[in-house]
Amino acid sequence: MRVLFVASELYPLVKTGGLADVCGALPLALAQQRFDVRALIPAYPGVLDGLRSPVTRLRMDPLFGGAVRVVAGLTETGAHVFALDAPHLFARKGNPYVGPDGRDWPDNHLRFGALSWMAREIGLGRLGDWRPDIVHAHDWQAGLAPAYLALSRDRRPATVITIHNIAFQGLFPADTLTPLRLPQSAFTPEGVEYHGKVGFLKAGLHYADQITTVSPTYAREIQTPEFGEGLDGLLRHRARQLTGIVNGIDAGKWNPAADGSIAARYTATKPEGKGANKAALQSRLGLQVNAGAPLFCVISRMSAQKGLDLLLANLPTLLAGGGQLAVLGNGDANLETGFRNAMTANPGRIGGVIGYDEPLAHLMQAGADVIVVPSRFEPCGLTQLYGLRYGTLPLVARLGGLADTVIDANEAAMHDGVATGFQFAPVTAEALGNAFTRVFELYARKDAWRQVVHRAMTRKVGWQEPAEKYAALYRSLAPPDAV
Ligand code: ADP
């Protein structure tokens, strides 16, 4: 079966966030299940140079103001890519979405409209020998692809759209309709219109045959006004076509048995090396080297979403319980200041780095006992999955992907031997404080703690299971003759 991914990012060619990781890894995992997946992405500067065996497959003149071509090639990781080479839209320095001045590129509607239009062309068979059975759009940048396909009168492939972040919706003025080759008849609430504007994500959610998001709990949450960012009504209307599939992690890169960034390698059956990592992390961050102190860590963007103010409010509880805290993150100035002050005020007990440091993120996952993820919303979340793999028990808010991936160490779960971490709800400082108390209690029961660590480390967090779920979804949508 052939699947065309449509996305604005794909690791390792271009990455600003988790979307790139999914689009880089999922096609490879689907290939293991004998799916032929190719990903259409914009040819930003450097993308064509990053392709192995590039071949021009299609030329089109003009598309949204200039000549374009599609270049097929392979990433260094072996994923098949169609790069949309449209110099008038993508050959610019800066970020995929914003210019050097920090503002959205003024023609983002045309840039990502062109991406979606090319997905339509490929979907309708313009490449001749490679015609997809499924077109799978990711986030608002690909949102018009299901719309263009649904609005064409030709035989079309089935369409799927995945929401990675509902906060970004791609809203543009009504007068972009015609330049985007959308018919006036589509400018209604039963089409691409969203409160008087053209809504790219809205259009995708309306026209796609199936909608997915990156965890089952988030799929339910975005049907509520609290989490739906204004699209909850539409999502409730489409609830029967909406499912959640939790992301996998790159289990090669995040593997305590083979991680080059940590002090000692270890496995679920031979976890002793974790102690050496704890000592290495403590001395690296200027913390007291103390094997018996429960070491909490946080690795996060510092933004309101991530709930780190709740952690700041609970530092007295954490310290009173004998805990230590390792911090890695950057973002909002007042949160950065809050953690800087906490480090200064508590030398030897709270330490860390305000900044971005990938190798340190690995050492923290290996050395800490607990990773705290107190998010106010979290579509999927990755750091708690890394925590499971490294035996660093996640302490998470009970929502979104966090709720779906961590099993709380309550009495029943401990009795049944299924617990992998701690959850707290509601997302308040008080509830987080109560959870800290539960962590200290379990930490004092060394055997019970070790069992939970073992269970966390053996939980499957790679891409195989998610890929099986996507495969089942595609099979349910594709024509019966697709193989
Ligand atoms: P989000 O995408 O909302 O930021 P996720 O948990 O899905 O949250 O992914 C965050 C990713 O970024 C993880 O891989 C995490 O390790 C990494 N990360 C976040 N902050 C830092 C940092 N300061 N240094 C290194 N890695 C970081």
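Since every read-out is calculated from the coordinates, none of them should be taken as a lab result. Note that this is a predicted model, so its numbers are computed, not measured. Every residue, glycine among them, receives a Cβ derived from its backbone with ideal geometry; neighbour counts consider all protein chains shown.
The value obtained for region 253-340, namely the Cα convex hull volume divided by the number of residues, is 121 Å³ per residue.
For the pair region 423-445 / region 221-293, the C-alpha centres are spaced 18 Å from each other. Using every pair of alpha-carbon atoms in region 307-462, split the distances into 5 Å bins beginning at 0 and state the percent of pairs per bin, rounded to integers. In whole percents, the pair-distance histogram is 2, 9, 19, 23, 24, 15, 6, 2, 0. Given q = 0.16 Å⁻¹, what are the Debye log10 I(q)/I(0) values for region 236-287, with equal point scatterers placed on the Cα positions and solvent ignored? Cα-only, vacuum Debye calculation for region 236-287: -0.60.
When the helices in the chain are scored as -39500 (n - 2.57) per DSSP H run of 4 or longer and the sum is shared across all residues, what 222 nm value do you end up with, to the nearest 500 deg cm²/dmol?
-10500 deg cm²/dmol
Extents of region 299-354, largest first, come to 27, 18, 16 Å (Cα atoms, principal axes, whole angstrom).
Cα gyration tensor of region 81-210, axes a ≥ b ≥ c as square roots of the eigenvalues: rounded (a/c below 1.5), prolate (a/b > b/c) or oblate?
On the way: a/c = 1.64, a/b = 1.16, b/c = 1.41.
Judged from the Cα gyration tensor, region 81-210 comes out oblate (a/c at least 1.5, b/c at or above a/b).
At a temperature of 37 °C and a viscosity of 0.692 mPa s, determine how fast region 25-130 diffuses translationally according to Stokes-Einstein, using the Kirkwood radius over alpha-carbon pairs as Rh; express D in µm²/s, rounded to the nearest whole number. Value of D from the Cα-based Kirkwood radius: 226 µm²/s.
From the largest down, region 278-393 spans 35, 31, 25 angstrom on the principal axes of its Cα atoms. If you count Lys pairs in the chain whose Cα atoms are under 20 Å apart, skipping same-chain pairs closer than 8 places in sequence, the total is 13. According to the square roots a ≥ b ≥ c of the eigenvalues of the Cα gyration tensor, what is the shape class of region 390-432, taking rounded for a/c under 1.5, prolate for a/b larger than b/c otherwise, and oblate for the remainder? Note, shape of region 390-432 comes out prolate.
If only the Cβ of Lys and Arg carry +1 and only the Cβ of Asp and Glu carry -1, the dipole of the chain around its Cα centre is close to 700 debye. Shown in residue order for region 393-404 are the 3J(HN,Hα) couplings computed by the Karplus curve 6.51 cos²θ - 1.76 cosθ + 1.60 at θ = phi - 60°: 5, x, 10, 10, 5, 7, 7, x, x, 5, 5, 7 Hz (x for Gly and Pro). Using equal-weight Cα scatterers in the Debye expression, the normalised intensity of region 340-426 in log10 at q = 0.12, 0.13 Å⁻¹ is -0.41, -0.48. Each 5 Å bin from zero up to the one holding the largest Cα-Cα distance in region 398-483 carries the following percent of pairs: 3, 12, 17, 18, 14, 10, 8, 6, 5, 3, 2, 0. Computed over region 1-56, the P(r) curve from all C-alpha pair distances, binned at 10 Å from the origin, holds 24, 54, 22, 0 percent per bin.
With coordinates expressed along the principal axes, the C-alpha atoms belonging to region 150-268 extend over 62, 30, 28 Å, beginning with the largest. In the chain, the DSSP beta bridges split such that about 25 percent are antiparallel, to the nearest 5.
Evaluated on the chain, the Kirkwood hydrodynamic radius is 23.6 Å, with distances taken between all distinct Cα atoms.
Write down the Å³ per residue value for the convex hull defined by the alpha carbon atoms of region 111-174.
Spread over its residues, the Cα hull of region 111-174 gives 86 Å³ apiece.
Using C-alpha pairs under 8 Å with a sequence gap of at least 6, the mean separation divided by the residue count of region 1-110 gives a relative contact order of 23 percent. Our summary gives region 342-396 a relative contact order of 33 percent, counting only alpha carbon pairs under 8 angstrom and 6 or more residues apart. Legend: calculated FRET efficiency, Asp154 to His237, from the Cβ-Cβ distance at R0 = 25 Å, rounded to 0.05, equals 0.40. Sort region 62-117 into rounded, prolate or oblate with this rule: let a ≥ b ≥ c be the square roots of the eigenvalues of the Cα gyration tensor; rounded if a/c is under 1.5, and if a/c is not under 1.5, prolate when a/b is larger than b/c, oblate otherwise. Oblate. For region 182-327, the Kirkwood estimate of the hydrodynamic radius, built from every pair of different alpha carbons, is 19.7 Å.
Roughly how many whole Å is it from the C-alpha centroid of region 64-111 to that of region 371-399? That distance is 33 Å.
Counting every other Cβ atom within 10 Å of each residue's Cβ, Phe296, Phe172 order from fewest to most as Phe172, Phe296.
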